[in-house]
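The values are calculated or read from the model by the stated rules, or taken from the named source; none is laboratory data. Worth saying up front: this structure is predicted, and the values here are computed from it rather than measured. Positions of Cβ are generated from backbone atoms using ideal geometry, with glycine treated the same way; all protein chains shown enter the neighbour counts. Note: areas computed on protein heavy atoms with side chains; ligands, DNA, RNA excluded. Shrake-Rupley method; radii C 1.70, N 1.55, O 1.52, S 1.80 Å.
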Amino acid sequence: MIASISASSALTNGEQTVVQFPSEGSRSIRSLRNMTAQLLQDAAKVIPNQQLLINVVSKRVRQLGIGHRPLVEASPKSSLTDIALKEIIAGKLTFEELKDSPAEA
């Protein structure tokens, strides 16, 4: 993203100075997105279906984000994602697959 500044302090010899802002890729990634690789591998042993694992973690992160208490010990620097993965590894979170019922006529 490129933005030009037209303020008098930014003018040099009557020309505009172009300032480049950091792109999305160069910004630091928030801790919510940082999944510890080891935790992810361990959680994948408990829930081997990758899509199901993502859904369980996502739902739990939302719950933690609105104020639900963690079910495992967590340090103040632990991300919500890491807490959710630790809960899965500890067996504190379970899931239930619902079978599709036949459509009612």
Might you check whether a residue that is modelled with pLDDT under 90, loosely packed, with under 13 Cβ neighbours inside 10 Å and at positive phi occurs anywhere in region 6-28? yes
Report every pair of residues separated by at least 6 positions or lying on different chains whose Cβ atoms are under 8 Å apart, first residue within region 83-100 and more than 15 Å from GLN38 (Cβ to Cβ) and part of a helix (DSSP H, G or I), second modelled with pLDDT under 85 and open to solvent by less than 70 Å² (accessible area, probe 1.4 Å). none
Residue list for region 62-80, filter: out of contact with any Leu (no Cβ under 6 Å at 6 or more places or on another chain), modelled with pLDDT under 95 and either closer than 21 Å to GLN50 by Cβ or among the hydroxyl-bearing types (Ser, Thr, Tyr) (or both): SER75, SER78
Give me the pairs: first residue in region 48-76 and under 11 Å from GLU87 (Cβ atoms), second residue aromatic (Phe, Trp, Tyr), beta-carbon distance under 8 Å, and six or more apart or on different chains, which are they? VAL56/PHE95
